[in-house]
1. For segment 32-113, what log10 I(q)/I(0) values come out of the Debye formula at q = 0.19 1/Å, with one point per alpha carbon and no solvent?
2. Treat every Asp and Glu Cβ in segment 47-115 as -1 and every Lys and Arg Cβ as +1, leave all other atoms uncharged, and give the resulting dipole magnitude about the Cα centre to the nearest 20 debye.
Amino acid sequence: MTKPFYIKCILLLPLLLLLSLISNVAIGQSLTGSVSGKVINEKGEALDYAIVQLLQNDKIVGGIYSDENGNYLISEIAPGEYEVRFSYFGCLKKSITNNKIIASNTTILDITLEKDKGEKKLIRCYFYGDKRLGNPGQDKYNQDQIRTILGGR
């Protein structure tokens with residue numbers, strides 16, 4: 001006994017849905033590209049958690065932190081021309097412009113960031129409410145001066 005046509009259709013439906021899903025995933029993957037690489041310092045040491053930003057027309061369109069080995073990967077990028085900007089605390093920022101992202105390809109951008117030799121200091125200030133108490137080690141206040149700063153409290 002042969003099965004009615006509608007039962008054959010019901011049995012084929014999951015197979016057709018699966019084939020449709022697989023083809024959509026394959027097509028979707030082929031429409032985007034990616035950029036990856038490694039961020040290191042002048043000594044060749046990996047820079048963990050460096051900021052990697054993807055820009056198009058001066059607007060940030062993606063970004064990621066490098067991993068503990070300095071590696072990064074930004075995927076699912078629409079084909080086009082991009083700037084990739086790298087930064088890390090204590091290092092000079094660096095940008096690579098005119099990167100062409102091509103569908104189904106990974107653009108490899110390894111980068112070396114140089115130490116920022118500028119004289120920048122991290123200054124710690126103490127606050128009480130909205131009142132600044134000063135810079136430790138630079139500004140010295142006695143109890144009366146602190147009371148005056150705090151409005152007589």
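1. The Debye formula, applied to the Cα set alone, gives -0.74.
2. Numbers: 6 positive and 9 negative charges, 47 e Å.
Dipole of segment 47-115, to the nearest 20 debye: 220 debye.
None of the figures in this text is laboratory data; all of them are computed from the coordinates on show. Just so it is clear, the structure is predicted and the values come from calculations on it, not from any experiment. Note that each Cβ is placed from the backbone with ideal geometry, even for glycine, and that neighbours are counted across all protein chains shown.
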